[in-house]
1. Buried (at least 19 other Cβ atoms within 10 Å of the Cβ), modelled with pLDDT of 95 or more and either farther than 17 Å from Leu166 by Cβ or more than 16 Å from the chain's Cα centre (by Cα) (or both): is that true of Val38 in this structure?
2. Output the number of residues of segment 127-136 satisfying the condition of being small (Gly, Ala, Ser) and assigned to a helix (DSSP H, G or I).
3. Which of (1) closer than 21 Å to Ala54 by Cα; (2) among the aromatic types (Phe, Trp, Tyr); (3) outside any strand (DSSP E or B); (4) open to solvent by less than 30 Å² (accessible area, probe 1.4 Å) is the odd one out, the single condition Tyr193 does not satisfy?
4. Among the residues of segment 106-126, is any aromatic (Phe, Trp, Tyr), in contact with a strand residue (DSSP E or B) (Cβ under 9 Å, 6 or more places away or on another chain) and in a loop (DSSP other than H, G, I, E, B)?
5. So, in segment 51-66, of the ones that are among the aliphatic types (A, V, I, L, M) and out of contact with any strand residue (DSSP E or B) (no Cβ under 9 Å at 6 or more places or on another chain), which residue ends up modelled with the lowest pLDDT?
6. Being under 25 Å from Asp198 (Cβ atoms) and small (Gly, Ala, Ser) narrows it down to one of Gly49, Gly120, so name that one.
7. Checking the condition open to solvent by less than 50 Å² (accessible area, probe 1.4 Å), of a type outside the set (D, E, K, R) and within 16 Å of the chain's Cα centre (by Cα), which residue from Ser78, Ser100, Ser51, Ser8 passes?
8. For segment 137-179, which residues satisfy the criterion of being charged (D, E, K, R) and in a loop (DSSP other than H, G, I, E, B)?
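The values are calculated or read from the model by the stated rules, or taken from the named source; none is laboratory data. This is a predicted model, so every value here is computed, not measured. Here the Cβ positions follow ideal geometry from the backbone for every residue, glycine too, while neighbour counts run over all protein chains shown. For the accessible areas, the whole protein counts, side chains as well, though only heavy atoms, and no ligand, DNA or RNA atoms are used. Shrake-Rupley method; radii C 1.70, N 1.55, O 1.52, S 1.80 Å.
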Amino acid sequence: KLAPPRHSDHTRVRDYKRSVDEVLEASAGLTDEQKVAVEFFDDKLLGIGRSVGAAGRAHADEMDLDRWVHLFFTNTVSLFDALVVCWYQKVKYDAVRPFSAIRHVYGSNPVTAWGGPGKGRVTDIPADEWTSYLNVGDHPEYPSGSTTLCAAQAQAVRRFFDDDVLDLRFTTAAGKTRVEPGITPARDVELHYSTWTDFVRECAVSRVRGGRDGPEISPGG
């Protein structure tokens, strides 16, 4: 059973505002490396597809064809099963996205946040004009689908190999982000996640930084 999302309950005024302010703070403080990570985890072929392959390569000395098949089958089943539960909970709680919460708290008052492609940190954005770094899906926010996928895959592969080893590396060349092409990152950025624990934590945080999810996201789905 998944607990209801306190951060999107507008009757809990203090918790609600604190969550909104955390999203705005993350938006305002976006670094090049964070933007690269946000886009990496938003692209499921990269964030999900590459990670299981990296885990397999890290254990390549033990991997014959049968074990490769078992690894990818285990991973795939974990993803689909987790998504079924995730979507059930999304419909059940029908939680708002950050852009709705920000408008509810601040109306048209100015806030400080990422100002849009190439604009960096801006201090006087009307709250009802705030936009997230990532495009936002037209479905309920809680629990985080992406975080659920990351966590489910991590647990499946941990059990398969009986360890937490990942050793995933991914490099984005200067100016090759999708949101700010030609601008970000200013220089090549290499992401490195040595363990599945690191991978899941960064996946979860990336959804807040990207403005798609509130800070109370569910890594377990």
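1. On the way: buried (at least 19 other Cβ atoms within 10 Å of the Cβ): yes; modelled with pLDDT of 95 or more: yes; either farther than 17 Å from Leu166 by Cβ or more than 16 Å from the chain's Cα centre (by Cα) (or both): yes.
Yes: the conditions hold for Val38.
2. Summing the residues that are small (Gly, Ala, Ser) and assigned to a helix (DSSP H, G or I) in segment 127-136 gives 1.
3. (3)
4. no
5. Taking the candidates together, the pick is Ala60.
6. Details: Gly120 fails: under 25 Å from Asp198 (Cβ atoms).
Result of the check over Gly49, Gly120: Gly49.
7. Values: Ser78 fails: within 16 Å of the chain's Cα centre (by Cα); Ser100 fails: within 16 Å of the chain's Cα centre (by Cα); Ser8 fails: within 16 Å of the chain's Cα centre (by Cα).
The conditions single out Ser51.
8. Result: Asp138, Glu141, Asp162, Asp163, Asp164, Lys176, Arg178.
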